[in-house]
Amino acid sequence: MQPPHTRISIRTPSRRSRSFVLRIAFGVVAIAIAQANTRVMAADDPAGKPGQQVRMAFVGDIMLDRDPGKAMLAGSDPFADVAGLLEGADLTVGNLECVVADTGTRLDKHFTFRADPVAIPYLARYFDAVSLANNHTGDFGHVALVETMYRLRRANLPFFGAGLNDREAHTPWVVEKNGVKIAVLGYNEFRPRSFEAGPKTPGCAWSDDDKVVADIKAIRPKVDVVMTFMHWGEEYKLQPNERQKALAHKMVDAGADVVVGNHPHVIQGHEYYKGRLITYCLGNFVFDEWKDDPEIMKEERRMGWVLRLTLNKSGLVEWDAVVPGAAGAGGKLGALPASDAKVR
Ligand SMILES: [Zn+2]
């Protein structure tokens, strides 16, 4: 097994002997890194202004049905192997790629994900907010999505990118931490479009360009940092497509400081545009998705970025990513270029 590939400050590495078989059963992507139980600490504060910066960790797809769900129902914490990667972050955000509900009717759709409500305390323990803007929060109809939102609210776990109507779905999660006010908007643009919220129907926020630009411009003067969390692109493509690039650039032009993407299930790298960071796809975080077709990019699909951002009132100060990954693939995809984020 390869060690984790990471550029960040790693301290107090220790050993853990969780069985590999168990980790596979969990469906956790961070397989290889977990065995070292790497304790990840935040990067040093370069500006030397404690309290004026906030550290955020973003992760990709979290799917708590199927194998992760079975492990959870058997009493295991589905995040046990990767929770350490979130340590040191002031705020943690992930994409919840399933509904969490007892209700609903499974749609006639290739993949449908519904987690048992026992997932809620785990999500609330590890995350400060989750995005519901994706191609699975409609898998069991409106009733299951509404139940999911109700359960998240009751657990005081904020969500964004979906709502009881389109106005709610397009409302950003706004949070103030260490004196820095941050807004995160979530959008989906992967089919089916029927999952989009309407004026009077629940669903996710769809990334119509004009609406996205209007949303960003509306929140821009009210906060210090604006971020978008996208669900877009093509599955298993290691590079973003032209549509992703065009929309990302448009979001930056409208005032977004950082653009973060998800959905393709593999890491898609990053770009700077006008000095702003765009990460096109973080890949999977907790998922057993590679099992659907084990011959296709099995290793790459078991990897994901834990994207770690240090922000201040002026935007992004610095960033890095922890790259959990499977043996053999980490060297290819895990080598990150130097962080050269510009401060505005
Ligand atoms: Zn997806």
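Just so it is clear, none of the values below were taken in a lab; they were calculated from the coordinates. Because the structure is predicted, anything quoted here is derived from the model rather than measured. Reconstructed Cβ throughout: ideal geometry from the backbone, glycine too, with neighbour counts over all protein chains shown.
Data table
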{"item": "Gyration tensor verdict on the range 58-172 (Cα atoms; rounded if a/c is under 1.5, prolate if a/b is larger than b/c, oblate otherwise)", "result": "oblate"}
{"item": "From phi via Karplus (6.51, -1.76, 1.60), per-residue ³J(HN,Hα) for the range 135-144 in Hz, x at Gly/Pro", "result": "8, 10, 6, x, 4, 10, x, 4, 4, 6"}
{"item": "Other-chain or far-sequence residues with amide H under 5 Å of K177's (modelled H)", "result": "I182"}
{"item": "Candidate lysines for bridging to K222, where Cα separation is under 24 Å - those fewer than 8 sequence places away on the same chain excluded", "result": "K49, K177, K181, K211, K250, K274, K313, K342"}
{"item": "Net charge, A256 excluded, C-beta distance under 12 Å - Lys, Arg +1, Asp, Glu -1", "result": "+2"}
